[in-house]
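Worksheet for the structure shown next.
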Amino acid sequence: MRLSAAEDEQEYQVVQPDISVIWDVRKLDDRGCKGAPDLIVEVLSPATWQRDRIEKLNQYQKHGVREFLLIYPNERMLEQYILGENGMYSTPYIYNEESTFRSDLFPELKLALNVIFS
């Protein structure tokens, strides 16, 4: 996926999220997605947690990813960040393994986290 704040094809940041949902198919081309997906999921690992938790979170916020999920498999929890009208992520919602996650963008998307973490 190529994140860019401008239309300039030469100035963009390439990122590879674990999962992305793109509602606007016009963002898709033969090289992938150009622009911000609607929803991104990153599954944290010891090797990538710092980049996912700090660098990518800031990039996704800056480029307008509307919903961002961080999954902590070892801790059996999920953080949900929702982009506000001010262009900033609100305080994250925290879900534990007994919770049912509900997407802000896609209300019909519900995940029983005890199933995911089992």
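The values are calculated or read from the model by the stated rules, or taken from the named source; none is laboratory data. This is a predicted model, so every value here is computed, not measured. Positions of Cβ are backbone-derived with ideal geometry, glycine not excepted, and every protein chain shown enters the neighbour counts.
Scan region 35-45 and give yes if some residue there is under 26 Å from Asn114 (Cα atoms), without any contact (Cβ under 8 Å) to a residue 24 or more places away in the chain, out of contact with any helix residue (DSSP H, G or I) (no Cβ under 9 Å at 6 or more places or on another chain) and not in a loop (DSSP other than H, G, I, E, B), otherwise no.
Within region 35-45, none of the residues are under 26 Å from Asn114 (Cα atoms), without any contact (Cβ under 8 Å) to a residue 24 or more places away in the chain, out of contact with any helix residue (DSSP H, G or I) (no Cβ under 9 Å at 6 or more places or on another chain) and not in a loop (DSSP other than H, G, I, E, B).
Yes/no per residue for (1) exposed (fewer than 15 other Cβ atoms within 10 Å of the Cβ); (2) not acidic (Asp, Glu):
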| residue | (1), (2) |
| --- | --- |
| Lys34 | no, yes |
| Pro37 | no, yes |
| Ile40 | no, yes |
| Val43 | no, yes |
| Trp49 | no, yes |
| Asp52 | no, no |
| Glu55 | yes, no |
| Val65 | no, yes |
| Phe68 | no, yes |
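List, please: which pairs have Cβ atoms under 7 Å, are six or more places apart or on different chains, and start with a residue in region 54-73 that is closer than 14 Å to Pro92 by Cβ and end with one that is assigned to a helix (DSSP H, G or I) and acidic (Asp, Glu)?
Hits for this filter: Leu70/Asp52.
Do we have Glu79 as closer than 27 Å to Gln13 by Cβ, in a strand (DSSP E or B), charged (D, E, K, R) and modelled with pLDDT of 95 or more here?
For Glu79, the condition - closer than 27 Å to Gln13 by Cβ, in a strand (DSSP E or B), charged (D, E, K, R) and modelled with pLDDT of 95 or more - is met.
Going by the structure shown, is Asp18 modelled with pLDDT of 90 or more and touching a Leu at 6+ places or on another chain (Cβ under 7 Å)?
No: the conditions fail for Asp18.
Kindly evaluate Tyr60 against the criterion of being under 28 Å from Gln13 (Cα atoms) and at pLDDT 95 or above. It would help to see each step written out before you state the result.
On the way: under 28 Å from Gln13 (Cα atoms): yes; at pLDDT 95 or above: no.
So Tyr60 fails the test.
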